[in-house]
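Working notes for the structure below.
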Amino acid sequence: MRSQLAFHATNQFGLITREQVLAAGLSEGEIRRLTRPDGAWVVVRRGVYVRREVWEAASNRSGRPLLRTVAVHLKIGHSHVVSHTSAGLLHGLPMLRPKDTNVHITRRGVGGSRTRHGVKHHLAEHAAHQVVDIGGVPTLDLARTAVDIGREHGYLHGLVACDAARQSGVSLHELRTAVAPMANWPYVIAARAGVEDSDGGAESVGETLARDFLSGLGLGPVTTQFSVAAGGSVHFVDLRVGRHLVEFDGRVKYQRRDQGGVADRPPQDVVWAEKRRQDDICAEGYGMSRLVWDDIWTESARRDSGARIIAEFARTTQRHGTDLPAGYQPIPRIRHRAS
């Protein structure tokens with residue numbers, strides 16, 4: 001790739017436009033050769049290209065949708081900001097995958113939306129301070145993005161987005177401020193509920209869904225990141241109801257880092273360490289259940305796992321009651337975020 005095009009790609013998430021290619025001196029014939037089915041470039045959107053190795057290395061879940069989002073930005077002529085789930089991709093916000101694959105942009109207007117060629121154009125007011133620059137792409141900020149996701153895709157999507165935004169440092173006040181001007185906007189009730197039910201203690205999409213699942217069982221208030229001093233260490237458990245604790249086990253916990261997970265040792269060692277940790281915690285007077293994705297992903301699975309959790313909660317309550325141990329003092333969790 002010529003140096004001029006390499007410069008553009010470096011500043012455009014790896015993408016280059018047809019206009020930039022022609023300005024760099026390449027011919028129409030060279031573009032056709034480079035973008036043929038086995039060519040060195042992939043057409044991300046009409047008139048926007050990326051090196052094939054970049055495209056093939058990008059994930060279907062987030063990498064390729066992000067490239068499509070930036071490609072739309074590069075080709076839209078009128079003033080706009082990237083918004084909704086497309087803004088979430090640019091922020092790196094953990095989200096539930098929406099059913100639609102549209103790229104979302106927002107323009108100032110009196111309201112309404114239209115979808116054309118895979119792009120949903122929202123006409124909606126937004127303040128200048130709500131727009132941030134991410135790699136040269138004007139993007140609505142995290143608070144507004146989380147609220148918009150709730151309005152567009154429903155309560156659960158919004159709850160996940162609001163939890164993730166709070167985990168990233170957005171305050172409940174900022175979320176409330178973002179949703180406040182939307183009093184009469186479509187579907188704002190779902191967005192507002194997601195804001196009010198959000199909890200910054202959820203550290204993953206799975207933990208948010210597990211909390212929502214437990215709340216629906218009606219066992220009592222659900223606490224996140226509950227601290228227990230046990231076995232000479234301080235442990236933080238994902239969720240608590242009464243004296244019963246619940247851990248959500250995502251696959252990444254058991255996958256090595258070179259496989260996309262967070263484990264720094266073989267899976268069997270992680271499983272053994274988790275067992276020892278659970279034994280130490282339960283010895284302090286608690287019961288514990290574990291949930292995985294398959295327990296909460298479908299309605300039938302939720303019914304079965306719900307019955308199991310209710311039974312395990314009942315056994316814990318019979319053994320230990322629901323009140324916390326006398327003299328219990330919570331231990332704050334200190335997170336070190338990159339500046």
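Just to confirm, what accessible area per residue do you get for the stretch 263-323 at 1.4 Å probe, in whole Å²?
Working: 3820 Å² over 61 residues.
It amounts to 63 Å² per residue over the stretch 263-323.
For the chain, what percent of Cα pairs sit more than 38 Å apart?
Details: 16529 of 57291 pairs.
I get 29 percent for the Cα pairs in the chain exceeding 38 Å.
Radius of gyration over Kirkwood radius for the stretch 1-112, both on Cα atoms: the Rg/Rh ratio is 1.00. Other residues within the sphere of radius under 15 Å centred on the Cβ of Gly39, judged by their own Cβ, net out at +1 (K and R +1, D and E -1). Taking 7 Å steps out from each Cα toward its Cβ at Arg52 and Phe236 produces label points 4.5 nm apart.
With a Cα cut-off of under 26 Å and a minimum spacing of 8 residues unless on different chains, the lysine pairs in the chain number 4. Other residues whose C-beta falls under 13 angstrom from the C-beta of Gly77 contribute a net charge of +1, scoring Lys and Arg +1 and Asp and Glu -1. If you average the C-alpha positions of the stretch 101-142 and of the stretch 191-225 separately, how far apart do those two centres end up, in angstrom? A separation of 28 Å, based on Cα centres. Quick one: grab the alpha carbon gyration tensor of the stretch 94-190, order the square roots of its eigenvalues as a ≥ b ≥ c, and give me rounded if a/c is under 1.5, else prolate or oblate depending on whether a/b is larger than b/c. Note, shape of the stretch 94-190 comes out rounded.
What accessible area, in Å² to the nearest ten, does a 1.4 Å probe give for Ile189? Solvent-accessible area, nearest 10 Å²: 130 Å².
Once the 1.4 Å probe is applied to the protein heavy atoms, the stretch 1-123 comes out at 53 Å² accessible per residue.
Please check: in the Gaussian network model of the chain (C-alpha springs, under 10 Å), which one of Val103, Val54, Val70 has the largest mean-square fluctuation. Of the options given, Val54 has the highest mean-square fluctuation.
For Trp272 and Arg61 in one chain, what is 0.36 nm times their gap in residues minus the Cα-Cα distance, to one decimal in nm? Write out the running numbers ahead of the final one.
Values: separation 211, 0.36 × 211 = 75.96 nm, distance 3.12 nm.
Residue separation times 0.36 nm, minus the Cα-Cα distance, leaves 72.8 nm.
For the chain, build the charge dipole from Cβ charges (+1 Lys, Arg; -1 Asp, Glu) around the Cα centre, then report which of Ile16, Ser83, Ile189 sits farthest towards its positive end. Comparing the listed Cα positions along the dipole, Ile16 ranks first. Per-residue packing, averaged as other Cβ atoms within 10 Å, sorts the ranges 83-96, 118-131 into the order 83-96, 118-131, beginning with the highest. The 1.4 Å probe gives accessible areas that order Ser79, Ser168, Ser227, largest first, as Ser79, Ser168, Ser227.
Quick one: ranking Phe236, Phe248 by accessible area, 1.4 Å probe, largest first, what do you get?
On the way: Phe236 40, Phe248 15 Å².
The most accessible residue leads, giving Phe236, Phe248.
Within the accessible area of the chain, the carbon and sulfur atoms contribute 51%, probe 1.4 Å, all protein chains present.
Neighbours of Asn60 by Cβ distance under 12 Å: Lys/Arg scored +1, Asp/Glu scored -1, total +3.
With contacts defined as alpha carbon pairs under 8 Å and 6 or more residues apart, what's the relative contact order of the chain in percent?
Relative contact order of the chain: 9 percent.
The values are calculated or read from the model by the stated rules, or taken from the named source; none is laboratory data. Keep in mind the model is a prediction, meaning the values are calculated, not measured. Glycine gets a Cβ as well: all are built from the backbone with ideal geometry, and neighbour counts include every protein chain shown. Heads up: the accessible areas ignore ligands, DNA and RNA and are worked out on the full protein's heavy atoms, side chains in. Shrake-Rupley method; radii C 1.70, N 1.55, O 1.52, S 1.80 Å.
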